[in-house]
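Quick notes on the structure that follows.
The values are calculated or read from the model by the stated rules, or taken from the named source; none is laboratory data. In this text the structure is predicted, and so the values were computed from the model without any measurement. Using ideal geometry, Cβ is built from the backbone for each residue, glycine included, and neighbour counts are taken over all protein chains shown. When the accessible area is computed, the model is the full protein with side chains, heavy atoms only, and any ligands, DNA or RNA have been set aside. Shrake-Rupley method; radii C 1.70, N 1.55, O 1.52, S 1.80 Å.
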Amino acid sequence: DPTDHETYMRLALDQAQESPPKPSNFRVGALLVNAEDGSILARGYTLELPGNTHAEQCCLIKIAQAHELPDERVGEVLPGNTVLYTTMEPCNLRLSGNLPCVDRIIRTTGKGGKGGIRKVYLGVKEPEVFVGENKGRTKLEEYGIEVIHVPGFEEDILRVATAGHEK
Ligand SMILES: Nc1nc(=O)c(N)c(NC[C@H](O)[C@H](O)[C@H](O)COP(=O)(O)O)[nH]1
Ligand SMILES: [Zn+2]
């Protein structure tokens with residue numbers, strides 16, 4: 001029900017506030033949730049882990065590490081009905097050239113699309129600050145991953161996301 005989505009998006013925004021401000025990216029927060037029982041599988045924020053990491057990427061790395069798996073195999077240990085809450089839509093292109101989070105999310109669904117991340121709840125679309133329009137939503141939907149906007153947090157999310165940018 002709607003309150004659940006708002007609870008998780010607020011927790012994701014709490015994560016974003018932990019991110020060190022930088023002019024070259026956005027401060028984003030994310031949560032991986034087991035939709036079966038509402039349990040939080042991982043939380044993360046931009047740059048939390050070493051290596052110019054994104055919030056969504058940090059959530060996935062933590063779970064892979066907990067199971068001593070390489071990042072690309074994390075889908076094997078995600079519950080079948082895993083959902084991602086992220087304050088900003090997953091990146092589809094990164095100026096650094098690192099693997100975008102849309103691709104990291106898609107590869108969790110494995111063969112035949114069972115298991116892995118089934119839905120992505122986002123607070124805002126990515127502003128066209130670093131890259132052109134982010135067309136990642138279409139790609140996620142092509143792989144059967146539902147993308148749902150959770151309204152009401154836009155102002156707060158963008159204020160936090162751009163805190164490190166030149167005014
Ligand atoms: N969804 C999302 N989560 C994040 O944690 C984050 N930092 C971004 N930011 C998107 C933005 O497009 C990229 O940060 C720039 O394109 C620079 O790329 P790098 O981050 O250096 O790889 N987007
Ligand atoms: Zn990303």
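Below is a table of values for the structure above.
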{"read-out": "Most fluctuating residue given options VAL33, VAL74, VAL129, as computed from a GNM of the chain linking Cα atoms under 10 Å", "value": "VAL129"}
{"read-out": "Cα-based shape type of the range 2-48, given that a ≥ b ≥ c are square roots of the gyration tensor eigenvalues and the cut on a/c is 1.5", "value": "prolate"}
{"read-out": "Cα centroid of the range 60-97 to Cα centroid of the range 1-51, whole Å", "value": "12 Å"}
{"read-out": "5 angstrom amide H check on ILE145, placed H, neighbours 5+ away", "value": "none"}
{"read-out": "Low-density loop cleavage sites - GluC sites (Glu not before Pro) in the range 135-167, where at most 14 other Cβ are within 10 Å (DSSP)", "value": "GLU166"}
{"read-out": "Cut-off of 10 Å, at most 16 other beta carbons, DSSP loop: longest stretch of the chain lacking such chymotrypsin sites (Phe, Trp or Tyr not before Pro)", "value": "1-129"}
{"read-out": "Coarse-grained scattering of the range 31-116 at q = 0.10, 0.15 Å⁻¹, given as base-10 log I(q)/I(0) from a Debye sum over alpha-carbon atoms", "value": "-0.22, -0.50"}
{"read-out": "Residue (of VAL150, PHE26, CYS91) at the positive-pole extreme of the range 26-167, dipole from beta-carbon charges", "value": "CYS91"}
{"read-out": "Accessible area of the range 20-88 belonging to carbon and sulfur atoms, whole % at 1.4 Å probe", "value": "49 percent"}
{"read-out": "Share antiparallel - DSSP beta bridges, the chain, percent rounded to 5", "value": "50 percent"}
{"read-out": "Dipole magnitude of the range 1-118, debye to nearest 20 (Cβ charges: Lys/Arg +1, Asp/Glu -1, about Cα centre)", "value": "380 debye"}
{"read-out": "For peptides 97-110, 49-62, sequence by mean Cβ density within 10 Å, most packed first", "value": "49-62, 97-110"}
{"read-out": "Accessible-area ranking of LEU95, LEU140, largest first, probe 1.4 Å", "value": "LEU95, LEU140"}
